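Visitor: First, the structure itself, so that you have it in front of you.
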Amino acid sequence: MSTQETAGPWGQFPSTRLRRNRRHGWSRRLVAESSLSASDLIWPLFVQEGESAAVEIGSMPGVYRLSIDQAVAQIGDAVELGISAIALFPATPAKLKTPDALEATNPDNLICRAIREVKRAYGDAIGVVADVALDPYSSHGQDGLVKNGYVVNDETIEVLITQAIIQADAGCDIIAPSDMMDGRIGAIRKGLDKAGHHPVQLMAYAAKYASAFYGPFRDAVGSSGNLGSGDKRTYQMNPANSDEALREVALDLAEGADMVMVKPGMPYLDIVARVKSTFAAPTFAYQVSGEYAMLTAAAANGWLDREAVMLESLLAFKRAGADAILTYFALEAARALRG
Ligand code: PBG
């Protein structure tokens, strides 16, 4: 048998030399299997009350809580850079947080005012995403209502439906349930449709893990103090599980999710790859606050090259199968990609 025959479809040295394709920049670009562009990015940003305010988040250097006017101004840069969408998160004043998270259903709350202002300024030039979950509004920091120490499912969903509808009324394009209650996608879809919002999309935080990587986000929205020593393990997924993620995604798609998301990102790329290859649905990943904090801290110490690890980490999401990435690096990455 000749060398060629034994080599099979994978080839064999020395006739096959994989370094040949890597020799020149143009050639590496030519054979690249994935690519990253500004249109793949969703920029999460935190809004707070006030005017002309920009307060840096201690555990996320370079990320600010912005008053609505400042947020609107900065979103102009995102539009200009070709970023597809932004995701707004409210830092609700502590005095408005209650056990029943009633502020979540106030049509004039911070998030609804922010949505209206962003839509008034930019229309359809950029998509607006808003979470549905109670943690920015609850005095206990949980994503749902608590009874006898347990986050109750079906009662929580009733509040989430109202929360989704008022955000859609304010002009939100994509409602993103991040609460992990069972059955909420179907219930919210039905509620939105009944309210005349059938064009409003649903991005399900479908495989959302009970992760320690959310710490800096909870500082940003001021919910870490509320949550205290509590955790979210009775509703967010166990990091040990992978098959269960497929069941979560299957249910959310069946209930009407337009896109599904995996969260956190980099430690869960195996989940992204499985979800994408199993369902072939729009699959998003969230590079969460703790991931941003890790890369930023290492770069600040001179241990990593900030721009290089930012772009490499984002490209890795694309390679794993993500169609879009929520990242606090969105603006910076879009600028770096523009060159
Ligand atoms: C709220 C929510 C969280 C994040 C997004 N939506 C925090 C949590 O579930 O505790 C985390 C995002 C991040 O860490 O960047 N339910």
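The values are calculated or read from the model by the stated rules, or taken from the named source; none is laboratory data. Since we're looking at a predicted model, the values are computed, not measured. When we count neighbours, we look across all protein chains shown, and the Cβ atoms used for this are built from the backbone with ideal geometry, even at glycine. Note: accessible area is taken over every heavy atom of the protein model, side chains too, but ligands, DNA and RNA are not part of it. Shrake-Rupley method; radii C 1.70, N 1.55, O 1.52, S 1.80 Å.
Visitor: Is it true that some residue in the stretch 117-130 is among the basic types (Lys, Arg) and under 15 Å from Ala71 (Cβ atoms)?
Guide: yes
Visitor: How many residues does the stretch 309-335 hold that are open to solvent by 50 Å² or more (accessible area, probe 1.4 Å) and more than 21 Å from Lys276 (Cα to Cα)?
Guide: 2
Visitor: Can you name the residue in the stretch 164-199 that is without any contact (Cβ under 8 Å) to a residue 24 or more places away in the chain and closer than 24 Å to Ile126 by Cβ and, of all such residues, is nearest to the chain's Cα centre (by Cα)?
Guide: Pro199
Visitor: Return the only residue of Leu246, Leu337, Leu251 being under 24 Å from Asp77 (Cα atoms) and touching a residue at least 24 places away in the same chain (Cβ under 8 Å).
Guide: One residue alone meets the criteria, Leu337.
Visitor: Here's another thing I want to ask about it. Just to be sure I understand, how many residues within the stretch 16-57 are exposed (fewer than 10 other Cβ atoms within 10 Å of the Cβ) and under 29 Å from Arg218 (Cα atoms)?
Guide: 2
Visitor: If only one of Ala293, Ala240 is modelled with pLDDT of 95 or more and within 17 Å of the chain's Cα centre (by Cα), which one is it?
Guide: Ala293
Visitor: Determine whether Gly11 is over 23 Å from the mean Cα position of the chain (by Cα) and open to solvent by less than 80 Å² (accessible area, probe 1.4 Å).
Guide: yes
Visitor: Cβ-Cβ below 8 Å, separation at least six or inter-chain, first residue in the stretch 44-66 and of a type in the set (Lys, Arg), second at pLDDT below 95: which pairs?
Guide: Filtered contacts from the stretch 44-66: Arg65/Ala220.
Visitor: Check off (1) touching a residue at least 60 places away in the same chain (Cβ under 8 Å); (2) under 19 Å from Ala168 (Cβ atoms); (3) not aliphatic (A, V, I, L, M) for Arg113 and give me the number that stays unchecked.
Guide: The one condition Arg113 does not meet is (1).
Visitor: For the stretch 111-138, how many residues are away from the ligand (no atom under 15 Å from the Cβ) and not basic (Lys, Arg)?
Guide: 13
Visitor: Follow-up. Quick check on the stretch 281-324: of everything there that is of a type in the set (Phe, Trp, Tyr) and outside any helix (DSSP H, G or I), which residue is farthest from the ligand (Cβ to nearest atom)?
Guide: Trp303
Visitor: Taking the condition of being among the charged types (D, E, K, R) and open to solvent by less than 20 Å² (accessible area, probe 1.4 Å), how many residues in the stretch 189-201 meet it?
Guide: 0
Visitor: Among the numbered criteria (1) within 14 Å of the ligand (Cβ to nearest atom); (2) more than 20 Å from Lys208 (Cβ to Cβ), which one does Thr156 miss?
Guide: Unmet for Thr156, out of (1) within 14 Å of the ligand (Cβ to nearest atom); (2) more than 20 Å from Lys208 (Cβ to Cβ): (2).
Visitor: Could you pull out every one of the strands (runs of 3 or more DSSP E) wholly within the stretch 35-76 that has 1 or more residues that are more than 14 Å from the ligand (Cβ to nearest atom) and among the polar types (S, T, N, Q)?
Guide: 41-48, 60-67
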